[in-house]
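Coordinate-derived values only; no laboratory data. Predicted, not measured: the structure shown is a model, and the values here were computed from it. A quick note on method: Cβ atoms are made from the backbone with ideal geometry, for glycine too, and the neighbour counts reach across all protein chains shown.
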Amino acid sequence: MRVIASRSVNGGGLMYVMRKTLAFAGSFFLLGTMVVFFGVHTVAGERGMLARPQLERKIMLAEEQLALLEKRQTFLSHRIGLMHKGGVDADILAETARAELGLYAPNDVIVSIDLSDLKF
């Protein structure tokens, strides 16, 4: 009986070593997979190093659009200010009435400008 007991102890020791080796190999594999995953996304991901020029181009376009919108806001704020200064500016009133109501004199020359296409 002692021989059987010693064999089971030796077999248990071998299983312990195998489990430790597999745990180490599994941990090493998991760590390697994580390094590769994050490395690939750092280089070729949506916001990686290869996408940086495209992102910078998008940022530059957005800043240009912001500048145009700020100029348009300034222009419209100025026009609104002319309407609110204790009374309506005569030129603004005439321009708005002609545009909205179609009140044109026979000798008026009409130049139509689409403000949405205008770059301030």
Using the Cβ atoms and a cut-off under 15 Å, what net charge is assigned to the surroundings of Lys58, where Lys and Arg are +1 and Asp and Glu are -1? -1
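Taking a ≥ b ≥ c as the square roots of the eigenvalues of the Cα gyration tensor of the range 57-120, is the shape rounded (a/c under 1.5), prolate (a/b larger than b/c) or oblate?
Judged from the Cα gyration tensor, the range 57-120 comes out oblate (a/c at least 1.5, b/c at or above a/b).
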In the chain, if the dipole is taken from +1 on Lys/Arg beta carbons and -1 on Asp/Glu beta carbons about the Cα centre, which of Ala97, Ala62, Val109 is farthest to the positive end? Ala62
Does anyone have the angle between helix 90-101 and the longest principal axis of the chain? Alpha-carbon axes, 0 to 90°, nearest 10? 80 degrees
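Report the local net charge at Val109: Lys and Arg +1, Asp and Glu -1, summed over other residues whose C-beta lies under 15 Å from its C-beta. Please list the in-between numbers first.
Details: positive: Arg98; negative: Glu95, Asp108.
Net charge around Val109: -1.
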Could you work out the relative contact order of the chain, using alpha carbon pairs under 8 angstrom and six or more residues apart, expressed as a whole percent? 13 percent
Return the single residue from Val40, Val88, Val109 with maximal mean-square fluctuation; model: Gaussian network over the chain, springs between Cα atoms under 10 Å. Val109
Calculated Rg/Rh (Cα atoms, Kirkwood Rh) (choose from (i) 1.67; (ii) 1.22; (iii) 1.20), label: (i)
Between the modelled labels at His84 and Gln54 (7 Å from Cα along Cα→Cβ) the distance in nm is 4.4 nm
